[in-house]
Amino acid sequence: MEFSPQEIVEVYAEISPYIVDTPITHSATLSDLCNCQTLFKLENLQMTGSFKERGALNRLNQLSDSERKRGVIAASAGNHAQAVAYHANRMGISAKIVMPKHSPMVKIRSTEHWGAKVVLAGETFSEAFDHSQDLIAEENRVYIHPFDDIHVIKGQATLALEILNHETTKDLDAIIVPIGGGGLIAGIANYVKQVNPGIKIIGVEENSYNGMQQSRAAGHVVTLGSQPMIADGIAVGRVAERNLNSVRECVDDIVTVTSDEIANAILLMLEVEKMLVEGAAAVTLAALLNQRIPYIQNNGKQKVLSVISGGNIDVNLLSRIINRGLAFDGRAVKLDATIKDQPGGLEKLLGLFRHSGANVLEVHHHRFGSEAPIGLIKVSVTVETRDKEHIEELKLQLIAEGLQTTLVGANQRPTV
């Protein structure tokens with residue numbers, strides 16, 4: 001084990017006055033949808049919107065007086081950046097943060113708000129990290145790693161201490177944890193398996209960027225290339241070897257979810273829990289909603305806690321994510337139909353939607369550049385629907401009227 005439970009008790013005593021003991025909530029609605037007693041640890045309610053404050057603060061607390069005078073530097077996709085900036089500013093320590101060029105603007109502005117100098121460099125976290133190492137040599141700052149540092153990992157482990165000390169978790173069966181570089185799950189798993197080894201620890205990654213799952217299977221750290229993700233907060237191309245070792249020793253399982261499943265989970269957290277969470281945080285709920293962990297979702301009675309790791313979502317992408325979540329849930333669909341190019345043709349098509357109870361949201365009449373034969377015209381219609389069955393009914397009605405119809409973006413939830 002990386003540390004003893006008593007060490008985490010001591011770390012918590014030092015950092016607890018400066019962090020939020022975030023609430024644990026239970027959702028009756030999502031418990032029904034997930035077929036288990038569904039609890040959430042709401043780390044999105046930390047001052048800077050994520051769990052990263054725990055590890056960043058504990059690492060800053062280890063600095064000597066001379067190191068504090070030198071200042072600190074970190075590379076981060078956003079949440080670690082804000083955590084370091086906030087607590088460094090509070091402690092009077094100069095901070096410089098290197099972030100990938102295309103980091104969400106909300107995270108850049110929040111980092112600058114807390115007094116840190118932001119440098120945008122590289123397309124990925126790995127490239128930003130490389131640039132930060134160059135700056136260390138130039139400026140003699142102390143590097144604060146987001147996940148490959150024992151003091152950071154111990155800080156994240158205080159989250160597990162809060163979970164197990166809460167009155168609602170005495171009979172907890174499993175904790176579901178997002179995985180990026182592995183610092184959070186390493187901290188939680190090391191602590192929980194020493195204090196209550198019967199609790200299962202399950203990690204979740206986005207399936208297009210599952211570095212920890214691949215590394216665990218390969219027996220060594222696997223490096224992944226750059227790829228766009230909804231869960232940008234866990235977009236880490238190379239996990240830490242020390243965290244991989246902790247995962248091997250203490251983590252029961254790692255599962256993956258798709259980007260559409262993540263989008264749908266973000267939507268449901270908004271709609272059901274009135275809670276805005278980022279993609280990295282939504283992976284835990286996405287795993288439960290899509291039955292990725294059937295052995296703890298088989299009778300509806302097991303108590304499962306999802307770590308909601310952060311809420312720093314890019315608001316410029318929020319509408320697109322919500323639309324994607326609606327499409328996945330069968331509550332919005334785009335249909336391409338070919339109709340007769342004559343007066344009344346479009347009116348007849350829209351009348352079919354009206355009679356079916358589908359609410360028309362958007363219409364595109366492709367008159368110029370259309371690939372349809374002469375005498376016909378292609379029309380794209382986006383409609384609001386009740387569910388996937390309603391979409392099928394609508395499609396059958398259009399076919400019955402002799403209309404050539406193609407569904408676009410009607411995703412189906414996987415079944416287990």
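The values are calculated or read from the model by the stated rules, or taken from the named source; none is laboratory data. Remember, it's a predicted structure, so these values are computed and weren't measured experimentally. Every residue, glycine as well, gets a Cβ built from its backbone with ideal geometry; the counts of neighbours run over all protein chains shown.
Observations, loosely collected:
- Checked against the criterion of being closer than 27 Å to Lys170 by Cα and touching a Ser or Thr at 6+ places or on another chain (Cβ under 9 Å), the candidates Glu273, Glu249, Glu241, Glu278 yield just one match: Glu273.
- Residue among Ala75, Ala116 that alone is within 23 Å of the chain's Cα centre (by Cα) and small (Gly, Ala, Ser): Ala75
- Scanning the range 23-45 for residues that are within 28 Å of Gln82 (Cβ to Cβ) and either assigned to a helix (DSSP H, G or I) or in contact with a Phe, Trp or Tyr (Cβ under 6 Å, 6 or more places away or on another chain) (or both) turns up Thr25, Leu30, Glu43, Asn44, Leu45.
- The strands (runs of 3 or more DSSP E) found entirely in the range 282-398 that carry 3 or more residues being within 29 Å of the chain's Cα centre (by Cα) and surrounded by 20 or more Cβ atoms within 10 Å (Cβ to Cβ) are 303-308.
Results for (1) on the phi > 0 side of the Ramachandran plot; (2) over 20 Å from the mean Cα position of the chain (by Cα); (3) not basic (Lys, Arg), shown as yes or no for each residue.
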{"position": "Gln133", "(1), (2), (3)": "no, yes, yes"}
{"position": "Ile136", "(1), (2), (3)": "no, yes, yes"}
{"position": "Ile175", "(1), (2), (3)": "no, no, yes"}
{"position": "Gly182", "(1), (2), (3)": "yes, no, yes"}
{"position": "Ile185", "(1), (2), (3)": "no, no, yes"}
{"position": "Asn190", "(1), (2), (3)": "no, yes, yes"}
{"position": "Asn196", "(1), (2), (3)": "no, yes, yes"}
{"position": "Gln214", "(1), (2), (3)": "no, no, yes"}
{"position": "Gln227", "(1), (2), (3)": "no, no, yes"}
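The rows are residues; the columns are (1) touching a Pro at 6+ places or on another chain (Cβ under 6 Å); (2) more than 19 Å from Lys154 (Cα to Cα); (3) not assigned by TED's automatic domain parsing to the domain that holds Asn299.
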residue: Leu33; (1), (2), (3): no, yes, no
residue: Leu63; (1), (2), (3): no, no, yes
residue: Glu67; (1), (2), (3): no, yes, yes
residue: Arg70; (1), (2), (3): no, yes, yes
residue: Ala83; (1), (2), (3): no, no, yes
residue: His87; (1), (2), (3): no, no, yes
residue: Met91; (1), (2), (3): no, yes, yes
residue: Met99; (1), (2), (3): no, yes, yes
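- Residue list for the range 53-94, filter: surrounded by fewer than 24 Cβ atoms within 10 Å (Cβ to Cβ) and basic (Lys, Arg): Arg68, Lys69, Arg70, Arg90
- Close pairs (8 angstrom Cβ cut-off, 6 or more residues apart or separate chains): on the phi > 0 side of the Ramachandran plot in the range 74-95, assigned to a loop (DSSP other than H, G, I, E, B) anywhere: Gly78/Ser103; Gly78/Pro104; Gly78/Asn312
- Among the residues here, Gly155 does not qualify as farther than 22 Å from Leu285 by Cα, among the small types (Gly, Ala, Ser) and not in a helix (DSSP H, G or I).
- Selection from the range 109-127 of residues that are crowded, with 16+ Cβ neighbours inside 10 Å and closer than 23 Å to Tyr209 by Cα: Ala121, Gly122, Thr124, Phe125, Ser126, Glu127
For every residue, the table says whether it meets (1) β-branched (Val, Ile, Thr); (2) in contact with a helix residue (DSSP H, G or I) (Cβ under 7 Å, 6 or more places away or on another chain).
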| site | (1), (2) |
| --- | --- |
| Lys101 | no, no |
| Lys107 | no, yes |
| Ser110 | no, yes |
| Leu120 | no, no |
| Thr124 | yes, no |
| Phe129 | no, no |
| Ser132 | no, no |
| Glu139 | no, no |
| Ile144 | yes, yes |
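- Hits in the range 264-278 (condition: part of a loop (DSSP other than H, G, I, E, B), among the hydrophobic types (A, V, I, L, M, F, W, C) and within 14 Å of Leu317 (Cα to Cα)): Leu276, Val277
- Check on Glu112, of a type outside the set (S, T, N, Q), in contact with a strand residue (DSSP E or B) (Cβ under 7 Å, 6 or more places away or on another chain), without any contact (Cβ under 8 Å) to a residue 60 or more places away in the chain and not in a loop (DSSP other than H, G, I, E, B): yes
- Residue check, Ala128 assigned by TED's automatic domain parsing to the domain that holds Ser66 and either within 20 Å of His87 (Cα to Cα) or aliphatic (A, V, I, L, M) (or both): yes
- In the range 130-154, the residues that are over 12 Å from Leu57 (Cα atoms) reach residues that are surrounded by fewer than 18 Cβ atoms within 10 Å (Cβ to Cβ) and of a type in the set (Phe, Trp, Tyr) with C-beta atoms within less than 6 angstrom, at least six apart or across chains, in these pairs: Ile136/Tyr143.
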